[in-house]
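No value in this document is a laboratory result; all are computed from the given coordinates. Everything numeric here is computed off the predicted structure, so don't read it as measured data. Heads up, the Cβs are rebuilt from the backbone with ideal geometry, glycines too, and the neighbour counts pull from every protein chain shown.
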Amino acid sequence: MSYPNQNPTYNYTAPPPPGPTYGGPPQPGPYPAYEYNQPPPATTPYGGPPQAYGGPSAPPYKPTPTQPPYGGGGYGAPTFPAGTDPNLIACFQMADRDGSGFIDDKELQTTLSSYNQSFTIRTVHLLMYNFTNTNATKIGPREFTSVFYSLQNWRSIFERFDRDRSGKIDASELREALLSLGFSVSPGVLDLLISKFDKSGGMNKAIEYGNFIECCITVKGLTEKFKEKDTSYTGSASFTYEAFMLTVLPFLIA
């Protein structure tokens, strides 16, 4: 598949403080999306030294000095991060037909499909929730850029572990893929993920790319919500009933 030139320094989430490993021993860290079949840098899953969590992080947010911000140019107008690929900007502007500086879920789904990334509307909603942390129905340039580069990273990881080029990854490959993103899950959780995201209802014991993305978003999002409560990085946290429901429900009803 073809993508615009990506920004190799693009990092979306902030690195976590050092701490013990969640659910498993130290493992190799995330793979850069642009270095296919290259060995990963040494790092550990969530709870270890700082690393990326499931996607690249955004460069400092500021309008480019050579042109007014896209979407009107006024105070608070939506803008792209400095150095964003012009092809990516053009792609967003094509989807933003009313020139408001925002695109909705259907427009995002159509735009991603133009890059041979066909996702269900549920997956699109999860992407939007993951990168806005709200139930917003529209996203702006910054969120769109984060979505696009994270998908590039996840696509690269999926292809890395789909060693037989079947278009699917099995349980052991999924475990390795999640470890490369910094998430160490137990065998019980791994079985649940395969059962949930296997289109065959668990018969194939493997998941395809679109469901892999939904799986990554779910694991990444729930882990980050848990880490907000686990301030000491001990692997345990306390939730009120309300907080628990607000944490889990967005991933169930997207």
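Under the Karplus relation 6.51 cos²θ - 1.76 cosθ + 1.60, θ = phi - 60°, what is the ordered set of whole-Hz ³J(HN,Hα) values for the range 223-234, x standing for Gly and Pro?
My calculation for the range 223-234 gives 5, 5, 5, 5, 5, 4, 8, 8, 5, 9, 6, 9 Hz in order.
Residues with beta-carbon under 15 Å from that of T231, excluding T231: net charge, scoring Lys, Arg +1 and Asp, Glu -1?
Once positives and negatives cancel, what remains is 0.
Among rounded, prolate and oblate, which fits the range 150-222 when a ≥ b ≥ c are the square roots of the eigenvalues of its C-alpha gyration tensor, a/c under 1.5 means rounded, and a/b larger than b/c means prolate?
Rounded, since a/c falls under 1.5.
Given H placed on each backbone N at 1.01 Å, which residues far from K168 in sequence or on other chains put an amide H within less than 5 Å of it?
For K168, whose amide H was placed from the backbone, there are no distant partners under 5 Å.
Could you name the aspartates and glutamates in cross-link range of K138, using Cα to Cα under 17 Å and dropping any fewer than eight places away on the same chain?
Answer for K138, where 17 Å is the Cα cut-off: D96, D98, D104, D105, E107, listed by chain and number.
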